[in-house]
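Some notes on the structure that comes next.
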Amino acid sequence: MVSQSNGSPATPLKFLIYGRTGWIGGLLGKICESQGITYTYGSGRLESRDTLIADITTVNPTHVFNAAGVTGRPNVDWCESHKVETIRTNVVGTLTLADVCREKGLVLINYATGCIFEYDSEHPLGSGIGFKEEDAPNFTGSYYSKTKAMVEELLKNYDNVCTLRVRMPISSDLTNPRNFITKISRYEKVVNIPNSMTILDELLPISIEMAKRNLTGIYNFTNPGCVSHNEVLELYREYIDPTYTWKNFNLEEQAKVIVAPRSNNELDTTKLKTEFPELLSIKESLVKYVFEPNRKTPVAA
């Protein structure tokens, strides 16, 4: 069972973070620095239990964060031809870390994915009816998503794990190739489908607050509401590059240039919004955290 002393005033926060070379892992370190939180990056490999135990023994953390995982380079299609490597990190590694943390009485904040759902008859596109935390995954189109759904189901049995379903992450760093905006702005053609998305500048600090509160269980970790590819690119044109143009294509056309289908969905954020009422809607968050700080066009008079 998780120690309730974690993060209490008597115990200064000390975070052990996995995923040093990753996008989210790197941002977590910067947030810890800005908040004066002591943190260390884990050096062990997730699938190697002994190395995880050694990390925890050396660091003696109050909380552990898992931002490590295989998403594939340049995209999730890589996982289709590297299934064993994907299993090793995304399933075996994540479960091993959760198990070691439970053994040590530590809360694990696990950055997972919400790309395990797709619009269906009960959650139609544009309806505003989102998938909830307790809903069973219905998207297994990509091997990446399949492994993520497997591990989420197993992690439900660990009462020390807080699973955060991230989707199509966006940050204010528009030079980062992992950034959803950066990705789609460089594509020759894009689909135009409303989706739930995660603004990291707003939500990653919230994940640190979740650790402080010792929250566990599954959370849909996106901003409330949906935004479409075209709406994002319209904001890009308005704030960044007035000359920017793009072309759309449909899912059938997209399927010809990708190996695995992609997940499109809306997640219900009632649970997260109840815990953090200040959470902005996706469109408000995009403007406040991403486009206003990067504005290159003149402000309209």
Item checked: Residue list for segment 269-296, restricted to those being touching a helix residue (DSSP H, G or I) at 6+ places or on another chain (Cβ under 6 Å) and of a type in the set (S, T, N, Q) -> Ser285
Checklist line | Number of the condition not met by Cys162 [criteria: (1) within 20 Å of Tyr289 (Cα to Cα); (2) part of a strand (DSSP E or B); (3) hydrophobic (A, V, I, L, M, F, W, C)] | finding: (1)
Item checked: For Thr274: the one exception among (1) at pLDDT below 95; (2) surrounded by fewer than 17 Cβ atoms within 10 Å (Cβ to Cβ) -> (1)
Checklist line | Criterion violated by Ala136 - all others in (1) open to solvent by less than 10 Å² (accessible area, probe 1.4 Å); (2) over 20 Å from Phe180 (Cα atoms) satisfied | finding: (1)
Notebook entry, point to check: If you go through segment 277-299 one residue at a time, how many are more than 20 Å from Thr175 (Cβ to Cβ), of a type in the set (Val, Ile, Thr) and crowded, with 16+ Cβ neighbours inside 10 Å?
Noted result: 1
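Against the definition (free of Cβ contacts under 8 Å to residues at least 60 places away in the same chain and either more than 28 Å from Leu13 (Cα to Cα) or not acidic (Asp, Glu) (or both)), how does Thr71 come out, yes or no?
In short, no.
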Check: Within segment 139-152, restricting attention to residues that are under 23 Å from Asn223 (Cα atoms) and charged (D, E, K, R), which residue is most open to solvent (accessible area, probe 1.4 Å)?
Finding: Lys148
Check: For segment 144-162, does any single residue satisfy the condition of being among the β-branched types (Val, Ile, Thr), under 30 Å from Lys247 (Cα atoms) and in contact with a helix residue (DSSP H, G or I) (Cβ under 7 Å, 6 or more places away or on another chain)?
Finding: no
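How many of the residues making up segment 46-68 are in contact (Cβ under 8 Å) with a residue 24 or more places away in the chain and touching a Lys or Arg at 6+ places or on another chain (Cβ under 9 Å)? Please lay out each step first, then the result.
Keep residues of segment 46-68 that are in contact (Cβ under 8 Å) with a residue 24 or more places away in the chain, which gives 46-49, 52-53, 55-56, 59-68.
Pick out the ones that are also touching a Lys or Arg at 6+ places or on another chain (Cβ under 9 Å) and you get 46-47, 52-53, 56, 59-64, 67-68.
Residues flagged as in contact (Cβ under 8 Å) with a residue 24 or more places away in the chain and touching a Lys or Arg at 6+ places or on another chain (Cβ under 9 Å) within segment 46-68 amount to 13.
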Checklist line | helices (runs of 4 or more DSSP H) (entirely within segment 50-112) containing at least 1 residues that are open to solvent by 20 Å² or more (accessible area, probe 1.4 Å) and over 21 Å from Leu154 (Cβ atoms) | finding: 77-80
Next item on the list: Pairs only if they're at least six apart or on different chains, beta carbon under 7 angstrom, first in segment 143-168 and more than 15 Å from Thr89 (Cβ to Cβ), second of a type outside the set (A, V, I, L, M) and in a helix (DSSP H, G or I); list them, first residue then second.
Entry: Tyr158/Arg102; Asn160/Cys101; Asn160/Arg102; Thr163/Glu152; Leu164/Ser207; Met168/Phe180
Item checked: Residues located in segment 195-240, provided they are part of a loop (DSSP other than H, G, I, E, B) and among the polar types (S, T, N, Q) -> Ser196, Thr198, Asn214, Thr216, Thr222, Asn223, Ser228
Next item on the list: Quickly run through segment 113-158 and pick out the residues that are within 18 Å of Thr270 (Cα to Cα) and not in a loop (DSSP other than H, G, I, E, B).
Entry: Thr113, His123, Phe131
Next item on the list: Taking the residues in segment 17-42 that are in a loop (DSSP other than H, G, I, E, B) and of a type outside the set (D, E, K, R) as candidates, determine which candidate is surrounded by the most Cβ atoms within 10 Å (Cβ to Cβ).
Entry: Gly42
Item checked: Single match in Ala255, Ala260 (criterion: at pLDDT below 95, of a type in the set (A, V, I, L, M, F, W, C) and buried (at least 16 other Cβ atoms within 10 Å of the Cβ)) -> Ala260
Check: So which residues in segment 242-253 are within 27 Å of the chain's Cα centre (by Cα), outside any helix (DSSP H, G or I) and farther than 13 Å from Glu188 by Cβ, if there are any at all?
Finding: Asn250
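The values are calculated or read from the model by the stated rules, or taken from the named source; none is laboratory data. Just so we're clear, the structure is a prediction, and the values are computed from it rather than from any experiment. Here Cβ is always computed from backbone atoms with ideal geometry, including for glycine, and neighbour counts include all displayed protein chains. Only protein heavy atoms, including side chains, enter the accessible area calculation; ligands, DNA and RNA are left aside. Shrake-Rupley method; radii C 1.70, N 1.55, O 1.52, S 1.80 Å.
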